[in-house]
Structure formats: structure tokens, C-alpha cells
Amino acid sequence: MSKKALGILLDLESQESCGSPSFMSHTPSKDPQPTSGDDDGGDVGMIPLEEWLPITESRKGNVFTATFHLLCSGLGFQVLLLPAAFAALGWVWGIIILTVGFAWKLYTTWLLVHLHEAVHGTRFSRYLRLAIASFGVKLGKLLGIFPVMYLSGGACSILVITGGKTIKQLVHIMSEDDTVPLTTLQCFVIFSCLAVVLSQFPNLNSLFGLSLIGGVMAVAYSTAVWSLPLTRDPQRNHQNNVTYAIKDTSFDNIFNAIGLIAISLRGNNLILEIQGTLPSNSKNPSSKTMWTAVVISHVIIAVCMFLVAIVVYWAYGDKIPATGGPIGNYLKLYEQDYSKRAACFIHITFIINCLCSYPINLMPACDNAEMVYVTKRQKPCSVFVRMMLRVSLGLVCFFIAVGFSFLPYLAVLIGAVALLPEMKSLMWLINVFVGSLGASLSVLLVVASALFLAEKGLHANFFRP
């Protein structure tokens, strides 16, 4: 990004104080205050950047919109991997690690909610702005741009793979002669086309309807997944020789299971953006509304996560594939044990949730792409430009999904890279400890997942989904 564009961007973020959030540092930034003038010192005028970009274009959100945004982004297909983690960890350690992980997620969410307006008169509605305010322009850009684009694009690519393969499995269940009339590539195309169409909503706040549907669908299939085993005869567990013994206690297998729990605790990458859709003033700051939404949504998320993990592990025990991998492998258990109607319900609600999650996960990448256009052209994106930018991003995600359709097998390895997460007060020390622990855990997860893949092998079918 040019110096002129960056100057306009930071100036319009109202960073007059050039200070850092109080949770991170009590010393002001050493970077000089940027200006919005051109390189010759002339004034190019001020542009309402916040009003032109999709994340902050509409600040008319409320506790209900924020709740469903959080629910849709925080409760996804990864919840179905929790029983696989329990199969590798066992009852005691599975419950302990899931509980500690969820508490960790809540604490970091609380930090982000209060960092959003940590500097008086400034709202950090994007991770890039928070990174620049904390670490300066150069280091902030280095630490902020890559994780945002990596998480946004990577999440959408995995949604294409997971949703597309689930469509194929649904068609297989519904067919009478056990044939699959659609290829995997065709299913990817169908999912991507639908997802890109749904991504054409103008701004993040306007995605409330999709988040509502996506959140309801996530709760629906999670409820079906844990409630169906409760309806069958408990003696069936003994008839199927279900056991809860841990068969593999190797380092790589245990930490791979911890990684599955870590990636199921998703959604923190969108906290600042969702809070950016809320109105805020001195009497009623956005943090109050946002924290209420966090509490409501996370109660629902916690109920779904713990019930899915505990009940499904109780029902299937060592029969659950402990390798993670495609969600379709996991859902085959329900195709075998229950009626076709129940299996179809789980698959359909699952696909709808993936489709509704795609636009909200793509939004940070869309916002960054539009920011480059707006700062260079000094005008807002037209409907056509905005549409073409999102279609282009959708195509990138599609080609990544087609070229690397084995990405779900690398979920722990990919997720661990992005897990990395203020002066010497108690809170500062706690945050340093939590950050150091997170960084250490990330390194261990990368090593463990690499060893796991080396031992189990990986069928890397490039461009052959």
C-alpha cells in the first residue's frame, strides 16, 4: 500500500493520539502521525473510508445481530471433530482440555471486545488497525495482513471442500441405486456458485439474515447429532463392542487431538469486525452490547459443543475415526445407524450452515480488497466493482479447494500456524503468559501434526478432488 493511501487510512481511523491500547502498552507509538496529504504536501481532501468499506459501512447492528453473527461464525462444522478428539484423549483429558480451551477462548474474546475502543475516540474495527496501533506501521502491517487474508481465504476454501463433499454424500444417500450422479468437482462448483451469490450482500451488518439461518442450522445439526444416539437402546453399545480405551498414546496423536479441539474453538478472528457493526457512544459503548451478545451466543455454543463431544463419544467410543479428516467420514456413522431421513436432515442443515458461514468468513478479505481500491481511486466501490472483487475472491477460494482438496486432513497443521495470539500490571503479566502459552502450543501442534501426517501418510491429490 502506498504511503499516501496508508496516511489516509490511518488518519481516518482517528488516531490523533498516535497511542497504543492501554491493555498493550502505556507508552505512545514512536511512529510519526500520518497525514492524508499527497506526496507533494498538497491536500487531497478527506474521504469517509469507514462509510465506504463493507465491515463498517453500516453501524446499525444490535445485540441480536451480533449474537447471530457470533453464533454463525463460532459454531461450525469443526464441532463434529470433538468426538474424534475425545476418542484420542479419553473422558478425563477430553473434558479437561475442552473446558480449559473454552475458558481461554472466552478470555481472549473479552480482551478483544475491550480492545475495540481501548483508545478514547478510536474504534479498532479490524485486526490490521489494532496491529498498526500496537506495533507501528511496518510491523503492524506485517503481523496483520497475512493472518487476516490467510484465515479468511483458508476458512472459505475449507468450507468449499467440506460443503462440496457433503453435497456429494447427500446425493449418494438420496439415490436409490447407490450411484453418485455428480462428481466431486461438480459439487465444488455448485457450492461455490451458491456461496459467491450469497456473498453479494453489501456489508457485514446486512448478513444478519444469513447469520440467523446459519446459526439455527448449526444448532439444528448439532442437536440432531447428539440427540439421535440417546434415542437408541443403551445395550446396543455393548452389542457393538464399544470401548473407551485409548489405543494410541503417542505424542503426535495426543497433540493432534488437542489441535482438533483448538480449531473447534473458532470465531475470534471476526470479533472486532462484528463489534464494528454496532453503534457506540460515551453513554452506551459498543463493548456493553457486544459482551451481552458474546455471553448469549457462547452459552449456546458451549451447550452444543459439550453435548456433541460427550454424547457421541459415549455412543460410539473407539468406533469414531480419530484422525479428523473429512466430515463426511464422520457422518457415515449416522447413515448406517439411523434412517435415511435423519441422515438427510443432518446433511442438509450442515450444507446450509456451510453456505451461510462462507460470506461472513469472506468479509475480511473483501474489506481488504475494497480498501486497496478505495484508497487508490479515492471513491467508493460501485456495485459492479464490488461484485467483481467478490467473484474474484470466490474463484481464488474455489481453485485452492480444487487444487488442495486434502486440506481438511491438514486442519490442525494449518490452524496451528494461525493460533498465535500489554505495563507490568497483573493483567499485563496474565496476557504475556497466555500469549506465550499460545505460541508454545502452536509450535507443538505444528510439530505433532507434521509427525502425525508423516506416520499416517497423506493422499495429496492435487487438482483431483
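Data table
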{"quantity": "Looking only at region 277-301, and only at residues there that are part of a loop (DSSP other than H, G, I, E, B) and at pLDDT 90 or above, the one that is most open to solvent (accessible area, probe 1.4 Å)", "calculated": "Pro279"}
{"quantity": "Helices (runs of 4 or more DSSP H) fully within region 317-429 counting 2 or more residues that are under 30 Å from Ala118 (Cβ atoms) and modelled with pLDDT under 85", "calculated": "411-417"}
{"quantity": "Cβ pairs under 7 Å, 6+ apart, first in region 129-147 and of a type in the set (Ser, Thr, Tyr), second assigned to a loop (DSSP other than H, G, I, E, B)", "calculated": "Ser134/Ser20; Ser134/Pro21; Ser134/Met24"}
{"quantity": "Those residues of region 302-320 which are surrounded by 24 or more Cβ atoms within 10 Å (Cβ to Cβ) and aromatic (Phe, Trp, Tyr), in sequence order", "calculated": "Tyr313"}
{"quantity": "Any hit, region 139-149, residues being closer than 30 Å to Ala315 by Cβ, part of a helix (DSSP H, G or I) and among the charged types (D, E, K, R)", "calculated": "no"}
{"quantity": "Verdict on Ser125 being assigned to a loop (DSSP other than H, G, I, E, B), surrounded by 22 or more Cβ atoms within 10 Å (Cβ to Cβ) and among the hydroxyl-bearing types (Ser, Thr, Tyr)", "calculated": "yes"}
{"quantity": "Criterion violated by Ile213 - all others in (1) open to solvent by 60 Å² or more (accessible area, probe 1.4 Å); (2) farther than 25 Å from Pro359 by Cβ; (3) part of a helix (DSSP H, G or I) satisfied", "calculated": "(2)"}
{"quantity": "Those residues of region 78-108 which are surrounded by fewer than 20 Cβ atoms within 10 Å (Cβ to Cβ) and of a type outside the set (A, V, I, L, M, F, W, C), in sequence order", "calculated": "Gly90, Thr99, Gly101, Tyr107, Thr108"}
{"quantity": "Answer from Leu182, Leu230 - the residue that is in a helix (DSSP H, G or I) and not acidic (Asp, Glu)", "calculated": "Leu230"}
{"quantity": "Region 358-387: number of residues that are of a type in the set (D, E, K, R) and open to solvent by 10 Å² or more (accessible area, probe 1.4 Å)", "calculated": "4"}
{"quantity": "Checklist (1) within 18 Å of Leu159 (Cβ to Cβ); (2) out of contact with any Phe, Trp or Tyr (no Cβ under 8 Å at 6 or more places or on another chain) applied to Thr56, failing item", "calculated": "(1)"}
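Conditions (1) on the phi > 0 side of the Ramachandran plot; (2) open to solvent by 30 Å² or more (accessible area, probe 1.4 Å); (3) small (Gly, Ala, Ser), marked per residue:
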residue: Leu139; (1), (2), (3): no, yes, no
residue: Gly144; (1), (2), (3): no, no, yes
residue: Pro147; (1), (2), (3): no, yes, no
residue: Tyr150; (1), (2), (3): no, yes, no
residue: Ser157; (1), (2), (3): no, no, yes
residue: Val160; (1), (2), (3): no, no, no
residue: Gly163; (1), (2), (3): no, no, yes
residue: Thr166; (1), (2), (3): no, no, no
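The values are calculated or read from the model by the stated rules, or taken from the named source; none is laboratory data. Owing to the predicted nature of the structure, the values given are computational and were not obtained by experimental measurement. Because the Cβ atoms are built from the backbone with ideal geometry, glycine has one as well, and the counts that use them run over all protein chains shown. Ligands, DNA and RNA are stripped out before the accessible areas are found, and what is left, the full protein with its side chains, is counted by its heavy atoms. Shrake-Rupley method; radii C 1.70, N 1.55, O 1.52, S 1.80 Å.
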